[in-house]
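Taking it in order: structure first as structure tokens, then the write-up.
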Amino acid sequence: MATSVSINRLFFSLVTAYMALLVAGLLGFRWYVSYPNEIAGVLREQQQAIDSLNAAITLSQQQLATQTRDYATWDDTWFYVQDRNNTYIESNFVGDTFDSLNLIGAMIIDIDAHNIISWHYDRELNNLTLDTLDTDTEISLARSKQMLTKDVAVYDVALLNKQPALVSVSAITRSDGTRADKGWLFFWRPIDQSFLDNLSRITRLEIHPLSHAQRNLQNIVNPLTKIKESHQLCMHDRLGRPEVCMDIRFPNYHPPEFMGVSTWIMLGILAVVPSLFFWLIMHLLIAPIRKATLFLESSVRTRSIRNLEVPEDGLQIREIRRLLTAYNQLASTVLEQKSALQQLTRTDALTGIANRRAFDHALERAWFRMNRYQQSMALMLIDIDHFKRFNDSAGHPAGDEVLRQVAEVLANMARRTDEVAARFGGEEFALIVYAHSTLEVESLRRNLHEAIANLAIRHPDSPTSEWITVSAGIAWIRNSGEWLNKTNQEDWLAYTDMALYKGKANGRNNSVLTVFDQQHPLEPEATRQNVT
Ligand SMILES: Nc1nc2c(ncn2[C@@H]2O[C@H](COP(=O)(O)OP(=O)(O)OP(=O)(O)O)[C@@H](O)[C@H]2O)c(=O)[nH]1
């Protein structure tokens with residue numbers, strides 16, 4: 001069995017399903033593709049920053065190592081260790097040297113690791129002192145001995161006088177490498193605020209030193225596995241102990257939001273666009289169809305054919321407009337056909353005037369109108385005299401022509417829209433006309449006979465006249481009113497017929513007028529008696 005669904009409901013369901021799919025698709029895409037991509041992008045940026053930070057630290061260490069190696073392979077240094085000539089020390093290891101190399105400490109040891117000379121430089125006070133290495137430094141020194149090698153400068157992170165520093169050590173040898181190692185040269189570069197500021201400038205990261213107490217934070221995991229607002233990075237010594245730790249922050253850190261503004265905007269668009277689409281379809285398609293359907297249903301109920309309203313302005317669906325217009329054209333055609341059919345069913349085919357059926361309706365309407373507006377009206381029945389004889393003598397076609405001409409005469413007498421001339425049957429006609437006065441009704445009667453006479457149709461076999469004549473019965477109701485309440489149009493017709501009968505009886509070619517008014521009312525009883 002076929003099931004029907006309203007277009008409204010169908011469309012609503014489709015739009016809802018579409019929206020649900022789109023929202024699910026958007027959230028799925030966000031969850032599986034775009035959001036992980038955004039996270040990966042931020043992670044990549046953070047990783048690059050951390051990489052450049054590590055590179056900058058390594059660069060500082062390599063730079064210090066290079067400087068250490070430059071001094072350690074300087075012949076003057078080699079000769080100093082061999083001869084212990086202090087002139088070299090006094091002229092080269094001065095405050096300016098420490099300033100330009102950005103050092104806070106230096107040390108020379110012999111090949112047996114005995115301290116030959118060491119310096120400590122206080123840069124703020126511009127104070128260079130000899131033999132000031134403290135216990136920590138000695139410890140770090142001892143540790144650093146483990147990394148002594150013959151051919152490269154190596155570096156480490158160590159505390160010098162409790163201050164964190166990069167330390168680099170290189171073997172003291174001749175510049176051409178021809179002579180054996182004489183000892184080892186150590187340089188310390190401070191890891192201080194200016195060092196961190198320099199790293200910040202290079203990497204554009206915010207870097208803050210961490211105290212020992214803060215070093216319980218999780219150290220940076222490299223490569224990064226998840227984005228964080230800040231990381232902790234420690235510089236370790238050769239034994240793997242964190243000597244210097246710093247807190248690293250990413251300026252303008254904005255972690256991607258799963259449901260950010262753009263996602264909400266997308267969702268909003270996804271919700272608004274189909275709603276707008278739904279509204280447009282409702283407004284342009286469904287509403288006109290529904291309106292037309294209601295109109296047609298009401299037409300079916302009232303059994304009337306009317307034109308649908310086709311809007312002139314505004315945006316419309318062309319197909320709907322064509323449908324409405326086509327329906328209206330069809331309705332017009334049906335109405336025309338209906339009117340033609342009505343015309344046919346009400347018209348006498350021979351004479352073209354109203355037929356008996358139309359007359360009956362007209363009489364009913366005239367009775368009603370007359371009573372409602374208290375008018376005066378005359379009902380006439382007209383019969384052609386000796387028409388049988390005419391037919392028999394002149395022929396049936398000639399008889400038809402007579403009927404047509406008499407009908408035309410009567411039609412000319414019924415000029416007003418609510419006056420009617422009709423063929424009552426055979427050679428008998430009826431006329432319903434207004435007549436407001438005796439004069440007027442008399443004039444009607446006279447005009448009828450004159451007009452028929454004016455036709456001047458010869459009757460070849462009439463015993464009463466050589467011309468076609470008519471007899472008529474007239475029932476004139478003067479000033480209708482309540483006095484008519486007990487009667488109806490049938491009584492009116494019966495009295496008219498009676499008058500016609502009298503007219504015939506009077507020898508034909510004459511008409512009998514009966515006047516009804518308040519003083520001489522229609523009597524239903526009398527009508528029946530007289531008619532029978
Ligand atoms: N030609 C023609 N004759 C018709 C038509 N309808 C009826 N008639 C004729 O009209 C005649 C009516 O005759 P009757 O009813 O006897 O009346 P009459 O001859 O007119 O005599 P009175 O009315 O008494 O004067 C009949 O001969 C019908 O055949 C029609 O459509 N065409």
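Name every residue in the stretch 155-191 that is among the acidic types (Asp, Glu) and closer than 13 Å to Ser60 by Cα, in order of residue number. Within the stretch 155-191, just Asp156 meets the criteria. Per this entry, Val470 is counted among residues that are within 16 Å of the ligand (Cβ to nearest atom) and either modelled with pLDDT under 95 or closer than 20 Å to Leu513 by Cβ (or both).
Of all residues in the stretch 195-224, those satisfying the criterion of being under 20 Å from Ala158 (Cβ atoms), polar (S, T, N, Q) and at pLDDT below 90 are Ser211, Asn219. With respect to the conditions (1) out of contact with any Gly (no Cβ under 8 Å at 6 or more places or on another chain); (2) under 22 Å from Asn510 (Cβ atoms), Thr464 lacks only one, and its number is (1).
In the stretch 175-201, what residues are touching a strand residue (DSSP E or B) at 6+ places or on another chain (Cβ under 7 Å) and over 25 Å from Asn115 (Cα atoms)? Within the stretch 175-201, Leu196, Leu199, Ser200 meet the criteria. The residues listed here are Ala292, Ala331, Ala287; of these, the one that is surrounded by 13 or more Cβ atoms within 10 Å (Cβ to Cβ), among the aliphatic types (A, V, I, L, M) and touching a Leu at 6+ places or on another chain (Cβ under 6 Å) is Ala292.
Kindly indicate whether Ile305 is in contact (Cβ under 8 Å) with a residue 40 or more places away in the chain, β-branched (Val, Ile, Thr) and not assigned by TED's automatic domain parsing to the domain that holds Trp188. No: the conditions fail for Ile305.
Going through (1) within 60 Å of the chain's Cα centre (by Cα); (2) within 16 Å of the ligand (Cβ to nearest atom) one by one, Ile353 falls short only on (1).
Residue-wise test of (1) in a helix (DSSP H, G or I); (2) modelled with pLDDT of 85 or more; (3) closer than 19 Å to Asp70 by Cβ.
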residue: Phe98; (1), (2), (3): yes, yes, yes
residue: Asp112; (1), (2), (3): no, no, no
residue: Thr132; (1), (2), (3): no, no, no
residue: Asp136; (1), (2), (3): yes, no, no
residue: Lys150; (1), (2), (3): no, no, yes
residue: Asp156; (1), (2), (3): no, no, yes
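When Asn307 is tested against (1) of a type outside the set (Asp, Glu); (2) closer than 22 Å to Leu21 by Cα; (3) outside any helix (DSSP H, G or I), only condition (2) is not met.
Do you know which residues across the stretch 429-471 are closer than 13 Å to Ile384 by Cα, in contact with a helix residue (DSSP H, G or I) (Cβ under 6 Å, 6 or more places away or on another chain) and in a strand (DSSP E or B)? Within the stretch 429-471, Phe429, Ala430, Val470, Ser471 qualify.
When the residues of the stretch 429-453 are filtered to those that are of a type in the set (Val, Ile, Thr) and away from the ligand (no atom under 14 Å from the Cβ), the one that is surrounded by the most Cβ atoms within 10 Å (Cβ to Cβ) is Ile432. Please go through the stretch 334-356 and give me each residue that is surrounded by 16 or more Cβ atoms within 10 Å (Cβ to Cβ), closer than 24 Å to Arg303 by Cα and in contact (Cβ under 8 Å) with a residue 12 or more places away in the chain, ordered by number. Within the stretch 334-356, Arg346 is the sole residue that qualifies. Of the residues making up the stretch 358-416, those that are surrounded by 16 or more Cβ atoms within 10 Å (Cβ to Cβ), small (Gly, Ala, Ser) and either part of a helix (DSSP H, G or I) or within 11 Å of the ligand (Cβ to nearest atom) (or both) are Ala358, Ala362, Ala366, Ala394, Gly399, Ala407, Ala411. Restricting attention to the stretch 417-428, the residues that are within 14 Å of the ligand (Cβ to nearest atom), in contact with a strand residue (DSSP E or B) (Cβ under 7 Å, 6 or more places away or on another chain) and outside any strand (DSSP E or B) total 1. Flag: Ser60 does not match the condition of being out of contact with any helix residue (DSSP H, G or I) (no Cβ under 8 Å at 6 or more places or on another chain), outside any loop (DSSP other than H, G, I, E, B), within 28 Å of Lys162 (Cβ to Cβ) and in the same structural domain as Tyr253 (by TED's automatic domain parsing).
The residue list Ile432, Ile452, Ile477 contains one member that is in the same structural domain as Arg404 (by TED's automatic domain parsing), under 16 Å from Arg508 (Cα atoms) and not small (Gly, Ala, Ser), which is Ile452.
State all residues of the stretch 443-453 that are without any contact (Cβ under 8 Å) to a residue 12 or more places away in the chain and either farther than 16 Å from Gly503 by Cα or of a type in the set (Gly, Ala, Ser) (or both); if no residue qualifies, say none.
Ser443, Glu450
Yes or no, residue by residue, for (1) of a type in the set (Asp, Glu); (2) more than 22 Å from Arg372 (Cα to Cα):
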residue	(1), (2)
Asn412	no, yes
Phe424	no, yes
Glu427	yes, yes
Ala430	no, yes
Glu440	yes, no
Thr464	no, yes
Trp483	no, no
Gln489	no, no
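The values are calculated or read from the model by the stated rules, or taken from the named source; none is laboratory data. These numbers were taken from a predicted model, which means no experiment stands behind them. Please note: Cβ atoms are built from the backbone with ideal geometry, for glycine as well, and neighbour counts cover all protein chains shown.
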